[in-house]
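In what follows, a structure is listed as structure tokens, so that the remarks can point back to it.
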Amino acid sequence: MTTSQPAADPATLPSSAAPAAITAPAHAREIPFSRPSLSALETRAVATALRTARIGGNGPICKRVQQKIASQLGVRHALLAPNATQAMEMGLLALGIGPGDEVLMPSFAFVSQANAILQRGATPVFCEIDPATMNMDAADAAKRVGPRTKLVMPVHYGGVPADLDALGKLAADHKLALYEDAAQAFGSTWNGKPVGAIGRAGCVSFHETKNVTSGEGGALLTNDDEFARRCELIQEKGTNRAAFLRGEVDKYTWVSPGGSYVMSDLLAALLEVQVQRAAALQKSRFSLWQTYYTGLADLEQKGFLKRPVVPAQAKHNAHTFWFRTSTPQQQRKLLAHLNGVGIQARFHFQPLHASPYARQTLKLAQSLPITEREADCLVRLPLHAQVRKRDAQWVVEETRKALASA
Ligand SMILES: Cc1ncc(COP(=O)(O)O)c(C=O)c1O
């Protein structure tokens, strides 16, 4: 069961934003960009955790959920964290990334990634993307490898995996580690294997905008036992508390650098239900993704937009439906139109190399023309359990009207 939004009266939609010729059909309503799908099952699980006082960090519920995620995805280790940002920070510490090191990453990425690299005293080296997927371009990244490069860090944008064959080869050729920002890609696969654990490790996010959510939350995934062991120490403030809880040592103490990167059992209780519902949630997202994809085919044929390309090796999790308009002006016009009629469409990411922090504080004067051009044309459409098929069809219609009149 999902909670539903009351339908907005089309008469109350802001008249200034919508062109006069376009009126929302009777079924139209305010369509939020993103909304978690929560049911009575999540309420019950959280209430049970509260009643039994299971609210601390890395407790029995976390352990159970970690095992469920690991077995569902087919990875050896899933370590729950407060969010993907902190899972990423933990991973970079475990990889030994430090001052003077360089990390290859797309500029078209979430800011957490660049922050995590800078926190280690390392330098993010921003690379171009392949516009077909908006993911890191391995050929461009190869040109930026230098003597200080230590790590390749792709993003799987919108849940569609980056080219892990090419990026894996790049990492192997230059003896670099591969760490995946799979924050948006829980359940996506590359050559049948779960992303996030194809390189040395990776992170996934359970933020409220993600397919499977605990409001805030994340996990570090890896198939590398030794790496997982290092993370286990870092996660628990640099102590061997996890070994102590397993009865492997009689006291726990400070054994490594660390932080506090554990999830609360209260949130893990919510996440457990979401993980159990993952396949059903995925199915409904995928069906909407497909409605957008097929609905916009003719607009691509007429040259108004370009839809995402899913590589043959990839299975995506329908996290986001995005496309690119042919000009930035069309993007702005379309976003204004859709938002004006009550459809929350969005841009994002804004290229990091061109951000105020990169330009003014880091004094970066880099130009990445493909990233700049494509990010300025990007449009994301609402995609979540409360968007009905006819809503998606209406979104397609409004997109068609706005682009055809542009
Ligand atoms: C690609 C990417 N990386 C990292 C993050 C950070 O995730 P979290 O909010 O769980 O820290 C996000 C969040 O949206 C993201 O989209």
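Numbers below:
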read-out: FRET efficiency estimate (nearest 0.05) - Cβ-Cβ, T209 to T361, R0 30 angstrom; value: 0.65
read-out: Angstrom value of the Kirkwood radius, inverse mean 1/r, which spans all Cα pairs in segment 255-405; value: 18.0
read-out: Cross-link table K302/K389; K306/K333; K68/K169, entries beyond 28 Å C-alpha to C-alpha; value: K68/K169
read-out: Efficiency of FRET from Cβ geometry, V111 and T294, R₀ 35 Å, rounded to 0.05; value: 0.55
read-out: Hits among lysines - C-alpha to C-alpha of K363 under 25 Å, sequence gap 8 or more where chains match; value: K143, K150
read-out: Heavy-atom accessible surface of the chain: percent carbon and sulfur, 1.4 Å; value: 55
read-out: Label point distance in nm, F347-R144, each placed 7 Å from Cα along Cα→Cβ; value: 2.0
read-out: With DNA, RNA and ligands ignored, accessible area of K389 (1.4 Å probe; Å², nearest 10); value: 120
read-out: Extended-chain gain in nm, criterion 0.36 nm per residue less alpha-carbon gap, Q276 and K333; value: 16.5 nm
read-out: Theoretical gain in end-to-end length, K283 to V309 [0.36 nm per residue, Cα-Cα removed]; value: 7.4 nm
read-out: Formal net charge of residues neighbouring P60 (Cβ-Cβ distance under 10 Å; K, R +1; D, E -1); value: +2
read-out: Global size of the chain as Cα Rg and Dmax, reported in angstrom; value: 21.9, 75
read-out: Mean accessible surface per residue for the chain, computed with a 1.4 Å probe while every protein chain stays in place, in Å²; value: 43
read-out: The chain: antiparallel DSSP beta bridges as a percent of all, rounded to 5; value: 60
read-out: Probe 1.4 Å - accessible area at F126, Å² to nearest ten; value: 10
read-out: Antiparallel bridge percentage (DSSP; both residues within segment 40-276; nearest 5); value: 50
read-out: Among 224-230, 49-55, the order from most to least packed when residues are scored by Cβ within 10 Å on average; value: 224-230, 49-55
read-out: Per residue, the convex hull volume that the Cα atoms of segment 40-276 enclose (Å³); value: 113
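The values are calculated or read from the model by the stated rules, or taken from the named source; none is laboratory data. For clarity, every value in this text was computed on a predicted model and none was experimentally measured. Heads up, the Cβs are rebuilt from the backbone with ideal geometry, glycines too, and the neighbour counts pull from every protein chain shown. Areas reflect the complete protein model, heavy atoms only, side chains present, ligands, DNA and RNA absent. Shrake-Rupley method; radii C 1.70, N 1.55, O 1.52, S 1.80 Å.
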